Amino acid sequence: MPNSSEFCGDSGSTHRLQIRATFLQKIRNNGSFALVPTLAFSAVLPADSDAFVCATKGDLQGLLRLLNEGRASLGDCDSDGRQLLHVSSRFQQLSLLHFLTSISMPVAACS
């Protein structure tokens, strides 16, 4: 299971958030090395959340509605570290996959 943290939102409810840190090593022209750090934050949602139900069923309009309402994000993960892209792929939802890849969604596991 991916590592995650909990935090309290404005309403006092507890939310799970996953934080990933990566470091890219680059070699500069003068032969020196540089480490480029990156932090990524993802909400961890239950697999039966509205966003993941839309991904499972290929409901593009429903997912767009959730995104517009701020109830989902393209980087959301389930408790096993799968993003919406991975879930829609697993259930062979081609129209949703086409949308997610056409907007240049980053393909990265949450774990």
Exercise for the section: Find all pairs meeting these conditions: Cβ atoms under 8 angstrom apart; at least six residues apart or on different chains; first residue within the stretch 63-86 and on the phi < 0 side of the Ramachandran plot and buried (at least 16 other Cβ atoms within 10 Å of the Cβ); second residue of a type in the set (D, E) and not in a loop (DSSP other than H, G, I, E, B). Expected result: L66/D50; A72/D50
Exercise for the section: Quick one: T56 ticks every box in (1) under 23 Å from R16 (Cβ atoms); (2) in a loop (DSSP other than H, G, I, E, B); (3) at pLDDT 90 or above; (4) not aliphatic (A, V, I, L, M) except a single one, so which number is it? Expected result: (2)
Fill in the blank from the handout: Residues of the stretch 33-53 being surrounded by 10 or more Cβ atoms within 10 Å (Cβ to Cβ), in a strand (DSSP E or B) and not small (G, A, S), in sequence order, are F41, V44
Handout entry: Positions within the stretch 12-37 being modelled with pLDDT of 85 or more and of a type in the set (S, T, Y), in sequence order
Key = S32
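The values are calculated or read from the model by the stated rules, or taken from the named source; none is laboratory data. In this text the structure is predicted, and so the values were computed from the model without any measurement. Using ideal geometry, Cβ is built from the backbone for each residue, glycine included, and neighbour counts are taken over all protein chains shown.
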